[in-house]
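Beneath this line is the structure, given in structure tokens, with notes to follow.
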Amino acid sequence: MRRFCPSLTDLQAFEVAARHGSFTRAAQELSVTQGAVSKQVKQLEQFVGVELFLRLRQGLVLTEAGRAYLSKVQSGLGQLEAATLELISHQGRGGMLRLTSMPTFGARWLIPRLTSFMRMRPDIHIEFMPHRQGYDFSTPELDAAVRFGQGVWPGSGADYIVGRDVVPVGSPRIFTRPCTRPEDLLAHPLMHHTSALEGWHDWFTQAGCDTRRARDGARFDQYGLLSQAAAAGFGIALIPRCLIEDELRDGKLAAAIDISLPARQGYYLCYPEQKASLPTLQAFRHWLLELSLASEPRLAAPKHVTVDIGP
């Protein structure tokens, strides 16, 4: 479908004329005649059906509509210029990958491993965008996002990374007696992540235990906070092993019981379907999936999920 958009030449003439407040000075910058710039701006006004300038004796003055339009035109032209310069500088190889990540996962798992990708593909530069943009693929700059869930997001490809290998943990100080049965964990306060409130219920169900107390206890909106609370002795928490490897190794946290029961949620690399073939994304995705298999070989088998957004 053809895009409803004025010509790039007319938009450039409008932007330069607005900056200078003069068709004459705009013509000098663009290396064309003053009449050509005036004609191009008039064509743009006819296209949008709105007067963009007041043509006064002392020069050009933007109308209110023109001022609002100018900011969007400058942003769009800036993006086109940046994309073109990036393509020229990389000659179709490498480039920029714009990514968002869940904060705790990014800090504790992804960033420490990212140097291996940078050594393998020094031509690809990763820009971490604000986490709040991670669920909005309508933002054209965003190429991919690390999300936490069950792997189903409409209109998005989703590849499982890690996180379904969860461990019930707490401070070693609170385990005065070892927990030998799953129900022994109920002697301690349970703590929850707000995005995985069914975690304990699922865990006790798989373990064949009473689940009536599975939803009781304090709640935290980040695994970083949850692991800190567990280390401080607030109670026990179900946390993805990939996020607490250092704490388990250093003895700040201890596994409450030696039982491996996979969670239904984990971390996924998600991307808009229209960007699935993006070379920078494909290179990052390939590296990340190899890392995933090495990290959780038993849990990483079901990899790719794509959901049709429908008509």
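Tabulated data
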{"item": "Residues with amide H under 5 Å from that of residue 235, placed H, sequence gap 5 or more", "result": "171"}
{"item": "Fully extended contour minus Cα-Cα distance, from residue 293 to residue 47, at 0.36 nm per residue", "result": "83.1 nm"}
{"item": "Rounded if a/c under 1.5, otherwise prolate or oblate - the stretch 165-262, Cα gyration tensor axes", "result": "rounded"}
{"item": "Label-zone membership for the stretch 240-281, site residue 82, 7 angstrom Cα→C-beta point, backbone N under 18 Å", "result": "280-281"}
{"item": "Net charge dipole size for the stretch 8-90 [Lys, Arg +1 and Asp, Glu -1 on Cβ; Debye, nearest 20]", "result": "340"}
{"item": "Accessible surface of the stretch 165-262 [probe 1.4 Å, protein heavy atoms]: carbon and sulfur percent", "result": "49"}
{"item": "Accessible area, probe 1.4 Å, largest first, for residues 84, 180", "result": "180, 84"}
{"item": "Burial order of peptide ranges 12-23, 151-162, 104-115 (average beta-carbon count within 10 Å, highest first)", "result": "12-23, 151-162, 104-115"}
{"item": "Heavy-atom accessible area per residue - the stretch 165-262, 1.4 Å, Å²", "result": "50"}
{"item": "Relative contact order (%) - criterion: Cα under 8 Å, at least six apart; region: the chain", "result": "21"}
{"item": "Gain upon complete extension [residue 125, residue 32; 0.36 nm per residue less C-alpha separation]", "result": "29.7 nm"}
{"item": "Share antiparallel - DSSP beta bridges, the chain, percent rounded to 5", "result": "65"}
{"item": "Surface share of carbon and sulfur [accessible, 1.4 angstrom probe, percent] for the stretch 8-90", "result": "56"}
{"item": "For residue 124, residues with placed amide H under 5 Å, excluding near neighbours", "result": "95"}
{"item": "Sequence ranges 251-262, 128-139, ranked by mean other-Cβ count within 10 angstrom, highest first", "result": "251-262, 128-139"}
{"item": "Phi-based couplings in Hz for the stretch 100-117 (Karplus 6.51, -1.76, 1.60; Gly and Pro marked x)", "result": "10, 8, 4, x, 5, 4, x, 6, 9, 10, 6, 4, x, 9, 5, 4, 5, 5"}
{"item": "GNM flexibility winner over the chain from 265, 74, 228 (Cα, springs under 10 Å)", "result": "74"}
{"item": "Contact order normalised by residue count of the stretch 8-90, Cα under 8 Å, 6+ apart, percent", "result": "26"}
{"item": "Helical contribution to [θ] at 222 nm, DSSP H n ≥ 4, -39,500 (n - 2.57), averaged over the chain, rounded to 500", "result": "-11500 deg cm²/dmol"}
{"item": "Accessible area in square angstrom per residue, the stretch 1-44, 1.4 angstrom probe", "result": "64"}
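The values are calculated or read from the model by the stated rules, or taken from the named source; none is laboratory data. These numbers come from a predicted model, not from an experiment. As a convention, Cβ positions derive from the backbone with ideal geometry for all residues, glycine included, and neighbour counts pool all protein chains shown. Calculation scope for accessible area: heavy atoms of the full protein, side chains included, ligands and nucleic acids excluded. Shrake-Rupley method; radii C 1.70, N 1.55, O 1.52, S 1.80 Å.
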